[in-house]
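Enquirer: The structure that follows is given in the form of structure tokens.
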Amino acid sequence: MKLVWVVPHFPPHIGGGEKLYYDVCRGLTERGCEVRVLTSSSGGVSGYHRVEGMDVYYFDWTLKFGHPVVRASDIREHIKWCDIVHTTIYSTALTANRLALREGKPCVTTIHEVMGNKWFWFEKNPLKAIAFWIYEYMIVQKAHIVHVVSDATLNDYNKAAGGSGKAYMIYNFPDLPLLSETEKEEVAFRRCFGLEDGERGILYFGRPAPNKGIFVLFEAIKLLADRGQLAGKVKFCMIIAPNPPVYYKKAMKKIEQYGIGKYLIIRPSMERNMLLKVLSGADCCVIPSITEGFGYTAVEACTYKIPVISSDAGSLPEVVSGKCLFFKNRNAEDLADKLRMYIDSDIDSFDDVKEKNFDRETVLDEYLKMYEEVL
């Protein structure tokens, strides 16, 4: 089977979607598929590269609002070559679907989330929010074969598409290294953040984008500080990526504005194995996401048996397991209450949620079954 994946970004560009594309394409290659990945040079790499059995083509596509504008001339010959085109929301979807239709090739579109009216939660300019909503609606309507990554996304897709396309729900899988690999890393959670004996650390890690809920977390920490409820041996340990830069600057400004810097220990992004070593030693992890199509950070934390305080947004109730507390999405007061419960009584008040299994080989089987049905 010959597959062409047309995606906005690909490793070394860092992100959950990019990790998904890499892991799935590598797995499909191992299963005997011929895979070509067509993507932007946003990760700092350009030209053709042979990666883990995949043919990866990095093109210098122009970025608008962080999303590359695909040149049809770059991908046309590859679409002629393949059996199936696989693309993703947002900026690659319309061009890939249009060319696939023209060449008589089926095209699968991966939809991580359908934002709909949630655009107004993040975009202060209502005209921009409307424009993003309309653009997303166009993609959803024109994508006749869809892969979604959770039941939450499937429900949102069905509402937006009105039954106009065939949808396959296939979860992502966390392609985590063995603990023996992460243990080789010298840095550990307590050493990374310089925690003293007896101090507990609540970990947040990820991008400072608004939909990841970091500003809700800052507000909750401020509420606790204003109430005098942070005078214990607890620190908020944060690994914050510098991208998008505008939101990183906004996050640093908000910390200063709220006067909560003394309760935080901030570290920059780090290599994946090092990050996972740090995560595996955390006392507790907070997932304040406002929207979440799948929730890699939550799944990774739960896989390592870390207690989690999570919002109830999107797919998170589907994927979180083990010791956990849920708070109401976008509700800083409720998050502050749940954090205070942990500060006061550790995990005694946490719920026990049955373990969820996102098995790599099962997921790859489902991809192949989807492709066979499509063909």
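None of the figures in this text is laboratory data; all of them are computed from the coordinates on show. Since the model is a prediction, treat every value here as computed from it, not as a measurement. Neighbour counts run over all protein chains shown; Cβ positions are idealised from the backbone, glycine included.
Enquirer: From Cα pairs below 8 angstrom and at least 6 apart in sequence, can you work out the relative contact order of region 1-137, rounded to a whole percent?
Expert: Working: 224 pairs, mean separation 29.8, N = 137.
Reported as a whole number, the value is 22 percent.
Enquirer: Lysines within cross-link reach of residue 338: Cα-Cα under 16 Å, excluding same-chain residues under 8 positions apart?
Expert: By straight Cα distance, residue 338 reaches 222, 235, 323, 328.
Enquirer: Could you check the simple spin-label distance between residue 345 and residue 127, using points 7 Å along Cα→Cβ, in nm with one decimal?
Expert: Calculated label separation equals 5.3 nm.
Enquirer: Using only the alpha-carbon atoms, how far is helix 332-345 inclined from the longest principal axis of the chain? Give it as 0 to 90 degrees, nearest 10.
Expert: 60
Enquirer: State the Cα centre-to-centre distance between region 216-259 and region 266-310 in whole Å.
Expert: Between the Cα centres of region 216-259 and region 266-310 lies a distance of 17 Å.
Enquirer: Also: What is the spin-label model distance, in nm, from residue 199 to residue 361 if the labels are put 7 Å beyond Cα along the C-beta direction?
Expert: Those two pseudo-labels are separated by 4.4 nm.
Enquirer: Under a straight-distance cross-link criterion of Cα-Cα below 19 Å, which aspartates and glutamates are reachable from residue 369, leaving out those fewer than 8 residues away in the same chain?
Expert: Hits, sequence-local ones excluded: 23, 30, 34, 83, 151, 359, 361.
Enquirer: Relative contact order for the chain: what percent, with Cα pairs under 8 Å and sequence separation of 6 or more? Don't skip to the end; give the middle numbers.
Expert: Numbers: 683 pairs, mean separation 48.5, N = 375.
Value for the chain: 13 percent.
Enquirer: Let me have the 222 nm mean residue ellipticity of the chain computed from DSSP H runs of 4+ only, each contributing -39500 (n - 2.57), with the sum over all residues rounded to the nearest 500. Let's see the in-between values first.
Expert: Values: 15 runs with 154 residues, N = 375.
Mean residue ellipticity at 222 nm (helix-derived): -12000 deg cm²/dmol.
Enquirer: For each pair in 124/354; 212/277; 2/356; 80/159; 124/305; 233/277, compute the distance between the two Cα atoms and list the pairs where it is over 27 Å. Spell out each step's value before the answer.
Expert: Numbers: 124/354 39 Å; 212/277 22 Å; 2/356 32 Å; 80/159 33 Å; 124/305 38 Å; 233/277 22 Å.
From 124/354; 212/277; 2/356; 80/159; 124/305; 233/277, over 27 Å: 124/354; 2/356; 80/159; 124/305.
Enquirer: Straight-line reach from residue 128: which lysines have Cα under 18 Å away, leaving out those fewer than 8 places along the same chain?
Expert: Here the lysines satisfying the reach criterion relative to residue 128 are 64, 118.
Enquirer: Determine the shape class of region 215-341: with a ≥ b ≥ c the square roots of the Cα gyration tensor eigenvalues, call it rounded for a/c under 1.5, and otherwise prolate if a/b is greater than b/c, oblate otherwise.
Expert: Working: a/c = 1.39, a/b = 1.17, b/c = 1.19.
In terms of gyration-tensor shape, rounded.
Enquirer: What order do you get for 91, 345, 280 when you list them from fewest to most C-beta neighbours inside 10 Å? Present the calculation step by step, with values, prior to reporting the outcome.
Expert: Details: 91 23, 345 10, 280 20.
Exposure proxy ranking, most exposed first: 345, 280, 91.
Enquirer: If you plug each phi of region 210-227 into the Karplus form 6.51 cos²θ - 1.76 cosθ + 1.60 with θ = phi - 60°, what whole-Hz ³J(HN,Hα) values come out, in order, with x for Gly and Pro?
Expert: So the J values, rounded to whole Hz, are x, 5, 7, x, 5, 6, 5, 4, 4, 5, 5, 5, 4, 4, 5, 5, 5, 7.
Enquirer: Computed from these coordinates, which is semi-axes √(5λ) of the Cα gyration tensor in Å: (1) 39, 26, 18; (2) 37, 22, 20; (3) 47, 27, 19?
Expert: So the structure-derived entry is (2).
Enquirer: Another question, if that's okay. Cα axis of helix 360-374 to longest principal axis of the chain: angle in degrees, 0 to 90, nearest 10?
Expert: It works out to around 30 degrees.
Enquirer: Angle between the Cα long axis of helix 16-30 and the longest principal axis of the chain, 0 to 90 degrees, nearest 10?
Expert: In the chain, helix 16-30 runs at an angle near 50 degrees to the longest axis.
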